Amino acid sequence: MNYHFDWAVVTSGKYFEWLVSGVHVTVKLSLVSIALSFLLGLVVAIMRMSPFRPVLWFAHGYLEFFRNTPLLVQIFFWYFGSYKILPVAVNDWMVRQDFEFAAAVIALTIYTSAFIAEDIRSGVRSIPKEQMEAARSSGFSYIRSMRYIILPQAVRLTIPPLINQFLNLMKNSSLAMTIGVAELMYQARQVESYTFKGFEAFSAATIVYVGLSFSITGLMTVYRRKLLKPLKAR
Amino acid sequence: MRGKTILLVAAMALVGSLYGSSMAADTLAGVKAKGVLVAGVKDSLPPFGSVDPNTKEYVGYDIDFIKYIAKKLGVKVEFKPVTSANRMPMLMESRVDILAATMTKNPERAKQIDFSYTYFLTGQKFLTKKGTVKSLKDLEGKKIATAKGSTSEQNVKKSVPSATILSFDDYPQGVLALQQGKAIAVTTDESILAGQLGKLEKNPATKGRYEIPDVQISEEPYGLGMRKGDAKFVKFVNDAILEMEKTGEAKKIFERWFGPNSDSPINRGSFAIAADKRGT
Amino acid sequence: METALDFRVVWEYLSYFFIGRYPKGPVGGVALTLYLAAVSLVFSFLGGLVLGLLSVSRNRPVRWASMAVIQTIRGMPLLMVIFWMFFLLPALFGGGMPASWTVITALTLFTSAYMSEIVRAGIMGIPKGQTEAAVSTGLSHRQTMLHIVLPQALRNMIPSFVNQFVSMIKDTSLAFIVGVSELTQIANQVNNRTMLFPTEIFLFIAVVYFIMCFAFTELSRWLERRLAYSKAI
């Protein structure tokens with residue numbers, strides 16, 4: 001049983017194209033999900049800090065539940081289990097779309113938003129309390145003081161952890177392969193099962209993942225250097 | 001950075017060479033020595049292999065073949081669950097001694113592992129909601145579910161190139177996708193589909209709503225999988241299953257799982273285990 | 001297809017969910033999930049300690065090499081690490097290693113990289129003055145690290161370690177991909193067999209995971225508060 005390396009399998013031809021299309025799906029899945037996660041995370045963070053108790057409790061429950069449950073289980077739940085809790089019309093509509101991709105986006109978004117909400121909350125908490133008090137006493141409503149005074153500052157502080165969440169999300173998106181989303185990991189495994197060249201296929205996928213991760217980390221370093229430092233210096 | 005790349009390549013080459021040098025051992029002697037035959041089987045794919053919820057024991061067509069072989073060897077048997085996607089690596093990396101996991105013999109696989117004579121013969125068909133599929137044409141441009149790394153996946157890509165293939169880790173997940181309308185059909189071997197249909201028929205909620213239309217896209221001879229170059233073991237297994245055919249044991253096992261009174265009745269036709277060369 | 005949820009399936013398979021095929025076969029389900037997480041955590045702690053210490057080493061090549069390893073692992077999805085281990089371990093050590101050990105090795109490797117960052121941050125968090133004071137009283141660098149810096153740093157790290165355990169419990173769910181019968185795999189098996197109750201099954205295991213993880217999250221918070229309190233004194 002001798003293993004013959006055949007790197008050509010993954011550097012050209014049909015299987016190379018499979019991997020490239022996998023990279024596309026991974027990037028698309030990550031970008032769509034991070035954008036939605038940020039929006040949802042923002043909403044949940046605001047709810048979590050709401051002065052209105054029931055809203056606060058709901059947000060608190062949301063955060064704890066989704067952070068303390070495996071993403072994989074959430075993916076399975078949204079793909080296989082959601083049909084019993086979604087209204088028939090919504091379910092039928094989703095089935096006609098690309099349900100696999102949609103379920104992966106929903107699961108990744110909800111999971112990641114819970115972490116982002118916590119990041120935003122700690123960003124907000126690092127803004128001195130007096131600012132909120134000052135805003136309120138000068139006639140701003142709670143929502144408006146959040147919107148115009150607190151959040152703009154908090155979001156800026158939240159960007160490094162947010163980039164970090166993006167990094168996690170990109171890696172987590174590999175779990176979408178379990179419900180048939182043809183992202184990079186799925187394609188690498190496809191190449192393995194068609195060619196039996198697992199070593200080459202996994203190496204190629206690893207290089208891409210590590211490359212993507214390093215680019216995202218690089219982004220964070222640039223942000224810290226170029227944007228955050230001058231801001232603090234002022 | 002460049003130094004790191006070189007290091008990485010060197011490490012890979014080292015690992016690769018180790019991989020290459022790993023043995024083509026004598027499984028027959030190994031199994032007898034440790035007193036246990038480790039078999040890779042499906043664990044949720046009746047009637048071939050599944051765990052009985054009450055007794056927690058493995059049962060099925062594949063299971064009965066392994067039990068016979070183990071008995072003939074005079075050793076105990078240990079079942080390990082495998083999926084279509086991971087069964088070949090499980091065998092090649094010696095995590096199991098033999099595969100009895102609804103595995104079709106084909107030339108690509110035969111380059112990697114050795115197969116026994118055909119112990120089960122079936123053909124690839126489709127499981128659909130009643131009346132939705134009459135010919136291959138009805139499948140064009142639709143979503144079809146199957147299992148990763150299976151021949152079913154490769155065949156259907158050839159037969160219906162315009163379809164979108166949804167590949168799961170195993171077939172039942174595909175059936176679930178069919179039930180929920182996420183796929184128009186599940187495709188794999190008729191025998192497996194019959195088992196799935198049997199399950200759907202038993203349930204009042206799904207009874208009478210599914211069928212296997214008479215659309216076949218390939219012939220699928222199943223073989224027991226063994227490591228490459230393990231001639232003694234292959235011969236032993238082949239002799240064992242030929243003996244099962246001769247004594248009528250093979251037919252009895254077939255009747256138990258696929259007979260008219262079973263949950264997944266299909267016709268054995270003229271099939272008999274013989275020294276065949278199907279799929280190679 | 002809006003139908004009432006029917007949790008009888010969970011009841012019927014309850015022992016299967018918690019202990020798998022035991023006593024007829026190997027332990028699985030929740031018990032195996034906790035076992036995988038606990039064993040991997042112990043190894044990751046050691047791995048993280050070693051990697052973390054190497055990454056603050058005064059020897060530059062050692063420091064760089066360990067950082068390269070840490071960053072590469074952190075750049076990979078856990079799933080990728082599991083596939084690599086599944087693929088490489090038998091090549092390196094021959095076959096016969098149970099799949100659960102493949103998962104433990106992968107989880108250990110993966111989590112060690114994250115643990116090492118905790119260790120490094122913990123060491124960096126000890127004021128430099130202490131090291132200087134220790135060295136000036138005649139302790140060697142190694143002695144300072146072992147007797148002065150690490151004991152304090154480790155104590156501060158306890159909450160983070162507990163948090164890692166929570167991540168570890170969640171991460172064990174990926175073991176299903178190589179056929180290890182932990183909770184998620186059991187859920188898939190039951191789902192594959194019964195077909196009609198995916199919502200109930202996945203909700204149930206989500207709650208089971210939640211209870212396990214939330215308990216440890218709370219523990220970590222409590223430890224953090226206690227630690228802050230005792231520091232304040």
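The values are calculated or read from the model by the stated rules, or taken from the named source; none is laboratory data. Fair warning: this is a prediction, and the values are worked out from it, not measured in the lab. As a convention, Cβ positions derive from the backbone with ideal geometry for all residues, glycine included, and neighbour counts pool all protein chains shown. We work out accessible area using only protein heavy atoms, side chains counted, and drop any ligands, DNA or RNA first. Shrake-Rupley method; radii C 1.70, N 1.55, O 1.52, S 1.80 Å.
Filter the stretch B:199-227 down to the residues that are within 14 Å of another protein chain (Cβ to nearest Cβ) and within 18 Å of the chain's Cα centre (by Cα), then identify the one that is farthest from B:Arg256 (Cα to Cα).
Only one residue tops the list, namely B:Arg227.
Can you find a residue that is among the aromatic types (Phe, Trp, Tyr), under 13 Å from the mean Cα position of the chain (by Cα) and buried (at least 19 other Cβ atoms within 10 Å of the Cβ) anywhere in the stretch B:66-83?
No, the conditions are met nowhere in the stretch B:66-83.
For B:Lys134, state whether it is in a loop (DSSP other than H, G, I, E, B), more than 14 Å from chain C (Cβ to nearest Cβ) and on the phi < 0 side of the Ramachandran plot.
Here the answer is yes, as B:Lys134 does meet what is asked.
Only one residue in B:Glu140, B:Glu190 is open to solvent by 30 Å² or more (accessible area, probe 1.4 Å) and under 13 Å from the mean Cα position of the chain (by Cα), so which one is that?
B:Glu190
Checking B:Ala185 against (1) open to solvent by 10 Å² or more (accessible area, probe 1.4 Å); (2) outside the structural domain of B:Val82 (by TED's automatic domain parsing); (3) more than 14 Å from the chain's Cα centre (by Cα), only one condition comes out false. Which one?
Condition not satisfied by B:Ala185: (1).
Among the residues of the stretch C:19-29, is there at least one that is in a helix (DSSP H, G or I), under 18 Å from the mean Cα position of the chain (by Cα) and of a type outside the set (S, T, N, Q)?
yes
Could you list all residues from the stretch C:192-230 that are aliphatic (A, V, I, L, M) and more than 14 Å from chain B (Cβ to nearest Cβ)?
Selection gives C:Leu203, C:Ile205, C:Ala206, C:Val207, C:Val208, C:Ile211, C:Met212, C:Ala215, C:Leu219, C:Leu223, C:Leu227, C:Ala228.
Taking A:Tyr186, is it more than 14 Å from chain C (Cβ to nearest Cβ), within 21 Å of B:Pro89 (Cβ to Cβ) and over 17 Å from the mean Cα position of the chain (by Cα)?
No.
Out of B:Leu99, B:Leu121, B:Leu127, which single residue is part of a strand (DSSP E or B), surrounded by fewer than 23 Cβ atoms within 10 Å (Cβ to Cβ) and touching a residue at least 60 places away in the same chain (Cβ under 8 Å)?
From the options B:Leu99, B:Leu121, B:Leu127, the qualifying one is B:Leu121.
Hey, does the stretch C:63-70 have a residue that's at the interface with chain B (Cβ under 10 Å from one of its Cβ atoms) and touching a residue at least 60 places away in the same chain (Cβ under 8 Å)?
No; the residues of the stretch C:63-70 include none that is at the interface with chain B (Cβ under 10 Å from one of its Cβ atoms) and touching a residue at least 60 places away in the same chain (Cβ under 8 Å).
Among the hydrophobic types (A, V, I, L, M, F, W, C), in contact (Cβ under 8 Å) with a residue 12 or more places away in the chain and surrounded by fewer than 19 Cβ atoms within 10 Å (Cβ to Cβ): does that describe A:Ile149?
When the stated conditions are applied, A:Ile149 passes them.
Each row is one residue, and each column tells you yes or no for (1) among the small types (Gly, Ala, Ser); (2) within 14 Å of chain C (Cβ to nearest Cβ).
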| residue | (1), (2) |
| --- | --- |
| B:Val51 | no, yes |
| B:Gly60 | yes, yes |
| B:Ile66 | no, no |
| B:Ile69 | no, no |
| B:Gly74 | yes, no |
| B:Asp97 | no, yes |
| B:Phe115 | no, no |
| B:Leu127 | no, yes |
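Only one of these is at pLDDT below 95 and either surrounded by fewer than 15 Cβ atoms within 10 Å (Cβ to Cβ) or not aliphatic (A, V, I, L, M) (or both): C:Phe83, C:Phe43, C:Phe110. Name it.
C:Phe83
From the list C:Phe110, C:Phe93, C:Phe86, which one is in contact with a Ser or Thr (Cβ under 6 Å, 6 or more places away or on another chain), within 14 Å of another protein chain (Cβ to nearest Cβ) and under 30 Å from A:Arg189 (Cβ atoms)?
Exactly one of C:Phe110, C:Phe93, C:Phe86 is in contact with a Ser or Thr (Cβ under 6 Å, 6 or more places away or on another chain), within 14 Å of another protein chain (Cβ to nearest Cβ) and under 30 Å from A:Arg189 (Cβ atoms), namely C:Phe86.
If the requirement is being surrounded by fewer than 21 Cβ atoms within 10 Å (Cβ to Cβ) and of a type in the set (Gly, Ala, Ser), which of these qualifies: A:Ala59, A:Ala35, A:Ala45?
After applying the criteria, what remains is A:Ala35.
Just to be sure before I move on: is C:Phe7 open to solvent by 20 Å² or more (accessible area, probe 1.4 Å), under 18 Å from the mean Cα position of the chain (by Cα) and away from chain B (no Cβ under 14 Å) in the structure I sent?
Answer is no for this residue.
If you check C:Ala38 against the conditions, is it within 17 Å of C:Thr172 (Cα to Cα), at pLDDT 95 or above and either among the hydrophobic types (A, V, I, L, M, F, W, C) or in a loop (DSSP other than H, G, I, E, B) (or both)?
Judged against the criteria, C:Ala38 is a match.
Of all residues in the stretch A:119-131 being open to solvent by 40 Å² or more (accessible area, probe 1.4 Å) and in a helix (DSSP H, G or I), which is nearest to A:Ser33 (Cα to Cα)?
The selected residue is A:Arg121.
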